[in-house]
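Below is one structure, written out as structure tokens, with a few remarks after it.
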Amino acid sequence: MKYFIVTYGCQMNVHESEKLAAICERMGYSLAEKREDAELIIFNTCAIREGAEDRVFGNVGALKKLKKKKPNIIIAVCGCMTQKETTANHIMRTFPFVDIVIGTFNLPNFEYYVNAVKKGRQLEILQEGDIDETVPYKRTSGENAWVNIMQGCNNFCTYCIVPYVRGREKSRSEENILKEIREVVAEGKYKKITLLGQNVNSYGKDLVPAVSFAQLLRDICAIPGDFKLWFMTSHPKDLTDDVIDVIASEEKILKDIHLPAQSGNNRILNLMNRRYTREKYLGIIKKIREKIPNCRITSDFIVGFPTETEEEFQDTMSLVDEVKYDSIFAFMYSPREGTVASRMDGQVPQEIKQRRVNELLALEKKIQKQEGKK
Ligand code: SAH
Ligand code: SF4
Ligand code: F3S
């Protein structure tokens, strides 16, 4: 019996697929080389933009024929898309050959759903629960080991679906994180450890007693061993001086910060509920440059947020020009059902978003050429 997992979305999902892989192997399945060879096919989905969802619909739909040929295979759709009840129901209706539809919070119980499917189709979307500490991961990312430090997000940026499909911020206990990292280091095959959280800088605020992210970084660096430490994602509103100081002083921490700005215009940043200004953001960049010379800095941007004017978009262009990032991701704003921004007037037409994203990426390319950055 073989399994195959198709993963969409961010590192968080990639890492959770490592948990699904461990569950499948515990059940006696082994990894198939391609989906056609598997008896259990899992789609771990992403809901961040419409394009991500469309890819899932297309790829799940394509399995209709396979299921006709091999009626005994089990097809499961899980992750961020199916944590939304409307999308989960839509998938059950549109793709009657899908056996299991579950959300992000059901993942640790995946084995239960596979066993139950033998009695009939399963649809279940649980509400958020505690962070699962019981299921191990089957690490699949080469020399890099992902380590989740928290789940969820409290920020409610007005464009973003993540707080709705991942629940509120919950930090793992520092003890459990350190234990996992000690084990990873002891295995001896991982050169890099990447900490994951939607907003790592607010790590530990919910713990009693509270632990700061800077303290967590220091404690991890104190673990003996030859490894590099990286983390994502940092939110500019919470990136404190003590975190910058720890990155500067700890040799194990990679000098590489992903600090999404999203926009260079204060009115748009405010509408996005990002809770920092262009000036505050540039202040952080200045501090990083002063304290960590040669630090790589990367960012995410959204163009065509509702009501964004041409001048406001040019503020994003000038921010990118000023910071001279090592690399950026630029996204066209995609309305997500249930978010505040999707209900705003002044949605920007697709062709304008397209032009703006092209312009931004062209600028980035030009800067990289000039600066000789990679
Ligand atoms: N927690 C991280 C990243 C979350 S998603 C952070 O706050 O930075 C990764 C990126 O997707 C975001 O940085 C944002 O640029 C983009 N994104 C999120 N929602 C989007 C939407 N509705 N439309 C377009 N891009 C979006
Ligand atoms: Fe989404 Fe904002 Fe949370 Fe990032 S910080 S996951 S963009 S709500
Ligand atoms: Fe990640 Fe996509 Fe979910 S970006 S948190 S997999 S919506």
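Once the C-beta distance of residue 251 and residue 118 is scaled by a Förster radius of 56 Å, the resulting FRET efficiency is 0.60 to the nearest 0.05.
What does the charge dipole of the chain about its Cα centre add up to, to the nearest 20 debye, if the Cβ of each Lys and Arg holds +1 and the Cβ of each Asp and Glu holds -1?
Numbers: 56 positive and 52 negative charges, 214 e Å.
Value, rounded to 20: 1020 debye.
Under 16 Å of direct C-alpha separation, and excluding same-chain neighbours fewer than eight residues apart, residue 366 reaches these aspartates and glutamates: 321, 322, 326. Please compare each pair in 286/324; 19/228; 138/189 to a cut-off of 19 Å on the Cα-Cα distance and tell me which ones are over it. Distance filter (> 19 Å) returns 19/228.
For each of 315, 300, count neighbouring Cβ atoms within 10 Å of the residue's Cβ, then give the residues from fewest to most. Please list the in-between numbers first.
Working: 315 19, 300 14.
So the ranking, lowest neighbour count to highest, is 300, 315.
Just so you know, the Rg over Rh for segment 1-125 is 0.92, from Cα atoms, with Rh as the Kirkwood radius. Ranking 288, 319, 329 by how far each Cα lies toward the positive end of the dipole of segment 287-329 (charges on Cβ) leaves 288 at the top.
Annotation: cysteines of the chain without a disulfide-compatible partner (Cβ-Cβ under 4.7 angstrom) are 10, 24, 46, 78, 80, 153, 221, 295. Note on the chain: GNM, Cα springs under 10 Å; of 257, 352, 41, the largest mean-square fluctuation is that of 352. Under 24 Å of direct C-alpha separation, and excluding same-chain neighbours fewer than eight residues apart, residue 67 reaches these lysines: 2, 34, 118, 119. Under 1.5 on a/c is rounded, so check that first for segment 81-138, then, if it is not, pick prolate when a/b is larger than b/c and oblate when it is not; a ≥ b ≥ c are the square roots of the alpha carbon gyration tensor eigenvalues. Oblate is the answer for segment 81-138, as a/c is 1.5 or above yet b/c matches or exceeds a/b.
If you wrap the tightest convex hull around every Cα atom of the chain and split its volume per residue, you get 147 Å³. With q set to 0.13, 0.27 Å⁻¹, the log10 of I(q)/I(0) for segment 1-74, from the Debye formula over equal scatterers at the Cα positions, is -0.40, -1.24.
Take the residue pairs 192/365; 252/369; 255/291 and return only those whose Cα atoms are more than 20 Å apart. Walk me through the numbers on the way to the answer.
On the way: 192/365 28 Å; 252/369 30 Å; 255/291 11 Å.
Violating the 20 Å limit, Cα to Cα: 192/365; 252/369.
For segment 238-374, report the % of Cα-Cα distances exceeding 21 Å. Tail fraction, whole percent: 44. Ranked for footprinting exposure by Cβ neighbours inside 10 Å, fewest first, 112, 3, 29 give 112, 29, 3. With neighbour counts taken as other beta-carbon atoms within 10 Å, the residues 221, 78, 24 rank, fewest first, as 221, 24, 78.
Relative to the current alpha-carbon distance between residue 30 and residue 210, full extension at 0.36 nm per residue lengthens the span by 60.7 nm. Amide H contacts of residue 229: 193, 253, 254, each under 5 Å away and 5 or more positions distant or on a separate chain (H built 1.01 Å from N in the peptide plane; Pro and chain starts excluded).
If you put +1 on each Lys and Arg Cβ and -1 on each Asp and Glu Cβ, how big is the dipole of segment 84-231 around its Cα centre, in Debye rounded to 20?
400 debye
Residue 359 label point, 7 Å along Cα→Cβ, cut-off 11 Å on backbone N: hits in segment 294-338? Label zone hits: 304, 309-318.
Excluding same-chain neighbours fewer than eight residues apart, the aspartates and glutamates reachable from residue 65 by a Cα-Cα span under 13 Å are 36.
Read-outs: derived from the displayed coordinates by stated rules, not from any lab. Given the structure is predicted, the values throughout are model-derived calculations rather than measurements. Neighbour counts are summed over all protein chains in view; Cβ atoms, including those assigned to glycine, are modelled from backbone coordinates with ideal geometry.
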